[in-house]
Amino acid sequence: MKAIVIREFGEPEVMRVEEVVAPVPADGQVLIAMKAAGVNPVDTYVRTGTYPLKPELPYIPGMDGSGIVEATGRGVKKFSAGDRVYVSRTLRGSYAEKALCLESQVHPLPAMVSFQQGAGVGVPYGAACHALFGRAKVSPGETVLVHGATGGVGIAAVQMARAAGMVVIGTGGTEKGRRLVKEQGCHHVFDHRAPDYADRILEVTEGRGVDVIIEMLGNVNLGKDLRMIARSGRIVVVGSRGTTEINPRDIMGRDAAILGMVILNASESELYRAFALIDAGLESGTLRPVIGKELPLAEAARSHHDIMGSSAYGKIVLTV
Ligand code: NAP
């Protein structure tokens, strides 16, 4: 089979297509003929070799994808050959013609969800769900700010928060992105590059602030978040790319909580709960990944440049 193989850590160009031996599913494993692989920022961090998750070289990158079950190992009960599925993590990487997974990493892909959309579910919807429900413990009627709503995690968080009965505020850095997040269910949309948007968010909450912030760029925004958070509010830092300085009095004065979250830390039972909710949303139609860009597998290097370099508009996926 063809797969993207990384033989040394480094720039996106270390990803090259190679012919490799296709895996055979052992007991409890599922082999999937892949149709699409999702590209996540974490794939780029791992590729540099500087992330805590450092695979042994050589390795096949990618955590998310979708396709058709080709074969199952003994003891697999929920899936059989021919099933449409999406995956949340794999045993050997998803940027490949075939991926090997544990049964628990495989989920049914409803007929009305495309393979490209299926490849956009795992990490972003898992992170959005765990941030909202697992960490912030949101309640219907609360106000949530999705700070960076135009990308994979942001759109997932907007759709989930809206479906759960929250007042949803989203931000985007481009006009096109802001139109998208409005279509996805945000009640109010602001430009996170505008100088006065934090004041305007306070205005739409009548000065009270937002109950929950799902933060995609903590190093840039945490100080601002602490001015926009309501009393007893929760800020979940999902993304951050550097350091920052905050005034601890802003946390004290509001009885606020700053919570960290990395989906790779989630326990089996937390993941089970998150994907039960996600799978129900895919089935009912409340959750639908937005695909902004499709590239062929051989252009994996370009996909890594794009996800780190350009403004977001939903997900980037590689088609297999
Ligand atoms: P993505 O698709 O590349 O989207 C990036 C998002 O960040 C876009 O909405 C972008 O908005 C927004 N952004 C850029 N500048 C911003 C600013 N000044 N303030 C607020 N938002 C800003 O990436 P993603 O998959 O959604 O992931 C988002 C972040 O979360 C990444 O840092 C990623 O590494 C992290 N993440 C963490 C977990 C976890 O488990 N903790 C899981 C998945 C992702 P515009 O492009 O419209 O400006």
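Among the candidates Leu53, Leu91, the residue that is modelled with pLDDT under 95 and farther than 21 Å from Gly314 by Cα is uniquely Leu53.
A Cβ distance below 9 Å, combined with a sequence gap of six or more or placement on separate chains, defines the contacts here; from region 186-204, residues that are outside any loop (DSSP other than H, G, I, E, B) reach residues that are open to solvent by 10 Å² or more (accessible area, probe 1.4 Å) and of a type in the set (Gly, Ala, Ser) in the pairs Asp191/Gly173; Arg200/Ala194. Evaluate the following for Gly177: is it touching a residue at least 60 places away in the same chain (Cβ under 8 Å) and touching a Ser or Thr at 6+ places or on another chain (Cβ under 8 Å)? When the stated conditions are applied, Gly177 passes them. Considering only residues that are small (Gly, Ala, Ser) and either within 14 Å of the ligand (Cβ to nearest atom) or open to solvent by 60 Å² or more (accessible area, probe 1.4 Å) (or both), which ones fall in region 238-296? Residues satisfying the conditions are Gly239, Ser240, Gly242, Gly260, Ala266, Ser267, Ser269, Ala274, Ser284, Gly292. In summary, Pro52 fulfils each of the numbered conditions (1) in contact with a strand residue (DSSP E or B) (Cβ under 7 Å, 6 or more places away or on another chain); (2) assigned to a loop (DSSP other than H, G, I, E, B); (3) more than 30 Å from Cys186 (Cα to Cα) with the single exception of condition (1).
In region 225-237, what residues are within 9 Å of the ligand (Cβ to nearest atom) and either touching a Cys at 6+ places or on another chain (Cβ under 8 Å) or open to solvent by 10 Å² or more (accessible area, probe 1.4 Å) (or both)? Once the filter is applied, which keeps residues that are within 9 Å of the ligand (Cβ to nearest atom) and either touching a Cys at 6+ places or on another chain (Cβ under 8 Å) or open to solvent by 10 Å² or more (accessible area, probe 1.4 Å) (or both), region 225-237 yields only Val237. When region 305-320 is filtered for residues that are surrounded by fewer than 23 Cβ atoms within 10 Å (Cβ to Cβ) and more than 11 Å from the ligand (Cβ to nearest atom), the ones remaining, listed by number, are His305, Thr319. Among the residues of region 121-138, those that are of a type in the set (Gly, Ala, Ser) and touching a strand residue (DSSP E or B) at 6+ places or on another chain (Cβ under 8 Å) comprise Gly122, Gly126, Ala128, Ala131, Ala136. More than 26 Å from Met34 (Cα to Cα) and either of a type outside the set (A, V, I, L, M, F, W, C) or in the same structural domain as Asp199 (by TED's automatic domain parsing) (or both): does that describe Gly281? Considered against the rule, which asks whether it is more than 26 Å from Met34 (Cα to Cα) and either of a type outside the set (A, V, I, L, M, F, W, C) or in the same structural domain as Asp199 (by TED's automatic domain parsing) (or both), Gly281 comes out as no. When restricted to residues that are in a strand (DSSP E or B) and closer than 15 Å to Met1 by Cα, region 15-36 contains 10. Among the residues of region 205-224, the one identified as in a strand (DSSP E or B) and either among the hydroxyl-bearing types (Ser, Thr, Tyr) or away from the ligand (no atom under 16 Å from the Cβ) (or both) is Asp211.
The rows are residues; the columns are (1) assigned by TED's automatic domain parsing to the domain that holds Leu217; (2) in contact with a helix residue (DSSP H, G or I) (Cβ under 9 Å, 6 or more places away or on another chain); (3) more than 8 Å from the ligand (Cβ to nearest atom); (4) open to solvent by less than 40 Å² (accessible area, probe 1.4 Å).
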{"position": "Gly134", "(1), (2), (3), (4)": "yes, yes, yes, yes"}
{"position": "Lys137", "(1), (2), (3), (4)": "yes, no, yes, no"}
{"position": "Gly141", "(1), (2), (3), (4)": "yes, no, yes, no"}
{"position": "Leu145", "(1), (2), (3), (4)": "yes, yes, yes, yes"}
{"position": "Gly151", "(1), (2), (3), (4)": "yes, yes, no, yes"}
{"position": "Arg162", "(1), (2), (3), (4)": "yes, no, yes, no"}
{"position": "Ile169", "(1), (2), (3), (4)": "yes, yes, yes, yes"}
{"position": "Gly173", "(1), (2), (3), (4)": "yes, no, no, yes"}
{"position": "Lys182", "(1), (2), (3), (4)": "yes, no, yes, no"}
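The values are calculated or read from the model by the stated rules, or taken from the named source; none is laboratory data. Computed from a prediction, not measured in an experiment: that's the story for all the values here. Neighbour counts run over all protein chains shown; Cβ positions are idealised from the backbone, glycine included. Protein only, heavy atoms only, side chains kept; ligands, DNA and RNA dropped before computing areas. Shrake-Rupley method; radii C 1.70, N 1.55, O 1.52, S 1.80 Å.
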